[in-house]
Amino acid sequence: MDHFRQLRDEPTGAYSYLIGCGETGRALVIDPVVNQTPLYLSLLGELGLRLEWVLETHLHADHISAADSLRAWTGAQVAVGAHTGIADADRLLHDGDHLRCGSIELEVLATPGHTPGCISFHWCGRLFTGDCLLIGSCGRTDEPGSDAATLYDSVVRRLFAFPDETLVYPAHCINGRRVSSIGEERESNPLFLNVSRDGFASTPIVNGLPDILPIALEANRHCGRLIRA
Ligand SMILES: [Fe+2]
């Protein structure tokens, strides 16, 4: 049986996901946070998994990625969306690509808007939506490169096209919720319910930029490696 874990970084509320192939022991992690590197390493050891891929849904502004540290510790490769602006990745992912890890196969969906390079992953009836679609919310549209109308299209035309029962696993915790579904979001997400594209685009999603933003963006452009002047 395959392994699946949702992991939360308490200070930032960021969710990361570990998926392991039950047949081969190969594993991948989505959106890891650098502070949680020891947790990921211990969990991999506990489950007898070998990390093969580190995936990023986008260029994060609120935490520093563990991609580079996990690559150094495990020899895993880093894969990111082709339009993220992240350098030093081992593979660039495009819409429609498939990423294999043992018997696990993820489909890549381009879901830009929160950032120009946002991607989501589809695996076994689950969508890993990054900061594109959050539970009852969505990613902010005031970061560098954000485009609200594009985000609306990614959510309403792309993600809401999946069947109701498709599970939604976001990159950020909202109100303590861990998982939602496409049906629930389509029917009750207040940011999109009965909201037109123009209406959505005219009301930017603003939450106050995090203090760590400039440091996080600089580090995450290099897979989370801190660059010293
Ligand atoms: Fe984000």
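Since every read-out is calculated from the coordinates, none of them should be taken as a lab result. Everything numeric here is computed off the predicted structure, so don't read it as measured data. Cβ: placed from backbone, ideal geometry, glycine included. Neighbour counts: every protein chain shown.
Just so you know, in the stretch 115-166 the residues that are of a type in the set (Phe, Trp, Tyr) and part of a strand (DSSP E or B) include one that is farthest from the ligand (Cβ to nearest atom), and it is Trp123.
Inspect the stretch 136-150 for any residue being surrounded by 23 or more Cβ atoms within 10 Å (Cβ to Cβ) and over 20 Å from Leu191 (Cβ atoms) and give the result as yes or no. No: zero hits.
Those strands (runs of 3 or more DSSP E) of the stretch 1-87 that lie entirely within it include none in which at least 2 residues are touching a Pro at 6+ places or on another chain (Cβ under 8 Å) and either away from the ligand (no atom under 16 Å from the Cβ) or without any contact (Cβ under 8 Å) to a residue 12 or more places away in the chain (or both). The residues in the stretch 164-194 that are in contact (Cβ under 8 Å) with a residue 40 or more places away in the chain and either of a type in the set (Val, Ile, Thr) or on the phi > 0 side of the Ramachandran plot (or both) can be counted, and the count is 6. Check whether at least one residue in the stretch 100-113 is assigned to a loop (DSSP other than H, G, I, E, B), within 16 Å of the ligand (Cβ to nearest atom), of a type outside the set (D, E, K, R) and at negative phi, and report yes or no. Yes, the conditions are met somewhere in the stretch 100-113.
Residue check: is Glu184 over 15 Å from His63 (Cβ atoms) and acidic (Asp, Glu)? Against the criterion (over 15 Å from His63 (Cβ atoms) and acidic (Asp, Glu)), Glu184 qualifies.
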